[in-house]
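The values are calculated or read from the model by the stated rules, or taken from the named source; none is laboratory data. Quick caveat: nothing in here was measured; it's all calculated off a predicted structure. FYI the Cβ positions are ideal-geometry reconstructions off the backbone, even for glycines, and counts take in every protein chain you see.
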Amino acid sequence: MKSAKKFYLDASKIAFDEVHRKKIDFNMSRYDLAVETGMKRYKDVEAAKNQAAAIKHEVLSHLDEYLLQFEKNISSHGAEVLWARNSEEAIAYVEKILVENDARLLVKSKSMTTEEIELNAAAAKLDCESVETDLGEFIVQTAGEKPYHIVTPAMHKSKSEIADLFHEKFDTPPDSTPEQLSDFVRRLLRKKFTQAEIGVTGANFLIADIGGISVTENEGNALMSTSFPKIHIVFAGIEKIIPKMEQLGLFYPLLAVHGTGQQMTAYNTIFTGPRQTGETDGPEKMYVILLDNGRIGIFADDEAYQSLACIRCGACLNGCPVYRTIGGYTYNTTYSGPIGSAISPFLKGFRDFYHLSYASTLCGKCAEVCPVKIPLPDILLANRRKAVEQHLSPALETTVMKGFRLIASKRKGFDFFPAVMKNSAFYPLNFWGWGPERTVPKFAKKSFSQLYRKNNK
Ligand code: SF4
């Protein structure tokens with residue numbers, strides 16, 4: 001099924017799923033409350049956002065220089081930097097490392113970049129078990145699903161659904177509390193951490209001046225994933241660069257408050273290379289795989305390049321009325337919500353994913369909440385324009401829109417047709433796009449303009 005058609009069908013269905021709506025509303029209301037409280041700690045959050053946006057803008061102006069600086073500095077500490085143009089190249093690097101080390105177990109902390117390249121499936125092909133160690137990721141992996149949200153992967157699951165899932169898969173008591181389930185996962189993962197040959201993390205920030213990988217997390221699982229295994233593989237999109245370590249003082253709290261409402265994420269680690277002589281822990285070898293996978297295409301685009309400033313806080317998803325209605329899976333992409341709609345056409349193909357540019361009311365909430373001030377509605381509008389310029393829209397839609405523009409752009413033209421005709425013309429919307437659950441608004445007999453002119457002769 002074409003991805004646009006699937007999107008419309010899935011969206012129409014889930015938008016009226018009350019159980020789904022209730023779970024998302026519940027989780028989002030908790031998020032909203034936490035963020036409201038968290039924001040009070042800022043004296044001037046707009047100033048912080050402006051500063052973060054300016055830094056990211058500067059990074060994008062010199063992206064090549066910062067990436068090379070990062071490579072030089074982290075390489076000088078013994079890490080090996082590998083450049084991957086696409087998923088296939090990234091997977092080929094991993095396969096080589098797994099084979100060379102005869103790896104049978106890989107522990108992985110939360111990383112959307114590894115979701116993008118489908119690392120777990122690639123490891124499975126080589127008979128290497130890949131275990132998610134973030135609790136939310138562990139839950140969705142156990143359920144055989146993908147992350148529902150870029151920050152909270154299991155947001156769509158209720159406590160009782162998780163208890164049922166664990167009961168079915170691990171025979172835990174069906175009435176287990178969240179604390180009991182977390183304890184069960186903790187014990188299970190402890191063994192995996194000590195047995196794994198490979199530890200995998202993403203990177204929240206690549207720090208150019210010290211050649212550092214910054215990983216922020218709340219569970220300590222990224223630290224565990226990198227402490228026991230002999231090999232640490234980092235996956236990072238090339239846009240994750242910040243110039244200086246001291247700028248983390250700005251980005252850490254911004255990411256935490258926009259992501260979860262926290263003042264600071266619980267564990268913040270900076271990796272600058274593998275274990276050095278005289279050090280007692282850490283991996284013997286460290287690889288950093290820097291991924292393009294369509295990002296250069298975004299970088300080359302006059303409008304969309306701004307989306308590379310994203311720090312993946314998830315705030316635009318949480319603020320978006322469309323995401324809150326249709327949920328994360330409907331997008332059928334690694335990155336969902338407004339940021340996903342803006343970048344997925346570049347990452348996964350414009351022809352197949354430009355329809356996501358329309359998954360927005362253009363209300364502007366996403367841009368308002370974004371900590372790095374990405375003008376998401378502008379990018380979505382520009383993507384729509386590009387789709388039209390590239391003649392990607394269906395011919396019927398283009399013809400209808402041309403006709404509509406011709407009539408609707410002139411008040412006299414629009415008023416020329418009686419209400420009954422206009423209502424009949426719009427009636428098919430009940431079956432196409434609008435959905436039978438909603439009522440298409442009816443045109444009044446006289447337009448406001450006609451009434452105004454009549455009453456103010
Ligand atoms: S676009 Fe902005 S709000 Fe959305 S995830 Fe990225 S940084 Fe957060």
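Hey, any hits in segment 344-364 for a residue that's away from the ligand (no atom under 16 Å from the Cβ), modelled with pLDDT under 95, part of a loop (DSSP other than H, G, I, E, B) and crowded, with 16+ Cβ neighbours inside 10 Å? Within segment 344-364, none of the residues are away from the ligand (no atom under 16 Å from the Cβ), modelled with pLDDT under 95, part of a loop (DSSP other than H, G, I, E, B) and crowded, with 16+ Cβ neighbours inside 10 Å. No other residue among ARG324, ARG275, ARG295 is touching a residue at least 60 places away in the same chain (Cβ under 8 Å) and charged (D, E, K, R) apart from ARG324. Tell me yes or no: at least one residue of segment 236-247 is within 16 Å of the ligand (Cβ to nearest atom) and of a type in the set (Gly, Ala, Ser). The answer is yes; a qualifying residue exists. Filtered by the rule that a residue be more than 20 Å from PHE205 (Cβ to Cβ) and touching an Asp or Glu at 6+ places or on another chain (Cβ under 9 Å), segment 307-330 gives ASN318, GLY319, ARG324, ILE326, GLY327, TYR329, THR330. Residues in segment 1-33 that are without any contact (Cβ under 8 Å) to a residue 24 or more places away in the chain, within 30 Å of LEU392 (Cα to Cα) and aliphatic (A, V, I, L, M): how many? Final tally of qualifying residues: 2. Touching a residue at least 60 places away in the same chain (Cβ under 8 Å), farther than 15 Å from GLY294 by Cβ and surrounded by 19 or more Cβ atoms within 10 Å (Cβ to Cβ), is that true of LEU380? Taking the combined requirement at face value, the residue does not satisfy it. The C-beta contact set for segment 390-414 (first residue within 20 Å of LYS445 (Cβ to Cβ), second residue surrounded by 10 or more Cβ atoms within 10 Å (Cβ to Cβ) and among the β-branched types (Val, Ile, Thr), distance under 9 angstrom, 6+ apart or interchain) comprises GLY413/ILE407; PHE414/ILE407. Just give me the residues in segment 255-270 being over 30 Å from LEU106 (Cβ atoms) and part of a loop (DSSP other than H, G, I, E, B), in sequence order. Scanning segment 255-270 gives GLY261, GLN263.
Would you be able to say whether some residue in segment 434-444 is assigned to a helix (DSSP H, G or I) and surrounded by 13 or more Cβ atoms within 10 Å (Cβ to Cβ)? Taking every residue of segment 434-444 in turn, none turns out to be assigned to a helix (DSSP H, G or I) and surrounded by 13 or more Cβ atoms within 10 Å (Cβ to Cβ). Return a yes/no flag: does segment 386-404 have any residue that is surrounded by 14 or more Cβ atoms within 10 Å (Cβ to Cβ) and within 16 Å of the ligand (Cβ to nearest atom). Within segment 386-404 (the criterion being surrounded by 14 or more Cβ atoms within 10 Å (Cβ to Cβ) and within 16 Å of the ligand (Cβ to nearest atom)), the answer is no, since none of the residues qualifies.
Against the numbered list (1) small (Gly, Ala, Ser); (2) surrounded by 24 or more Cβ atoms within 10 Å (Cβ to Cβ); (3) out of contact with any helix residue (DSSP H, G or I) (no Cβ under 8 Å at 6 or more places or on another chain), ALA196 comes up short only at (3). When the residues of segment 270-322 are filtered to those that are of a type in the set (S, T, N, Q) and more than 16 Å from the ligand (Cβ to nearest atom), the one that is surrounded by the most Cβ atoms within 10 Å (Cβ to Cβ) is ASN293. Do the conditions hold for GLY282, that is, is it outside any helix (DSSP H, G or I) and not aliphatic (A, V, I, L, M)? So GLY282 passes the test. Scanning segment 409-418 turns up one or more residues that are away from the ligand (no atom under 16 Å from the Cβ), among the polar types (S, T, N, Q) and over 28 Å from the mean Cα position of the chain (by Cα).
Can you pull out every residue in segment 157-185 that is surrounded by 15 or more Cβ atoms within 10 Å (Cβ to Cβ) and more than 12 Å from ILE139 (Cβ to Cβ)? Of everything in segment 157-185, those that are surrounded by 15 or more Cβ atoms within 10 Å (Cβ to Cβ) and more than 12 Å from ILE139 (Cβ to Cβ) turn out to be HIS167, THR172, SER176.
For segment 219-232, indicate whether the set of residues that are surrounded by fewer than 17 Cβ atoms within 10 Å (Cβ to Cβ), in contact with a strand residue (DSSP E or B) (Cβ under 7 Å, 6 or more places away or on another chain) and more than 28 Å from ALA92 (Cβ to Cβ) is non-empty. Yes, there is a match, as at least one residue in segment 219-232 is surrounded by fewer than 17 Cβ atoms within 10 Å (Cβ to Cβ), in contact with a strand residue (DSSP E or B) (Cβ under 7 Å, 6 or more places away or on another chain) and more than 28 Å from ALA92 (Cβ to Cβ).
Within segment 370-378, at least one residue is charged (D, E, K, R) and either within 12 Å of the ligand (Cβ to nearest atom) or outside the structural domain of ALA309 (by TED's automatic domain parsing) (or both).
Selection of segment 323-336 for residues being assigned to a helix (DSSP H, G or I) and either away from the ligand (no atom under 15 Å from the Cβ) or in contact with a strand residue (DSSP E or B) (Cβ under 6 Å, 6 or more places away or on another chain) (or both) yields THR325, ILE326, TYR329, THR330.
Within segment 240-254, is even one residue farther than 23 Å from SER130 by Cα, among the aliphatic types (A, V, I, L, M), assigned by TED's automatic domain parsing to the domain that holds PHE205 and part of a loop (DSSP other than H, G, I, E, B)? Checking segment 240-254: not a single residue is farther than 23 Å from SER130 by Cα, among the aliphatic types (A, V, I, L, M), assigned by TED's automatic domain parsing to the domain that holds PHE205 and part of a loop (DSSP other than H, G, I, E, B).
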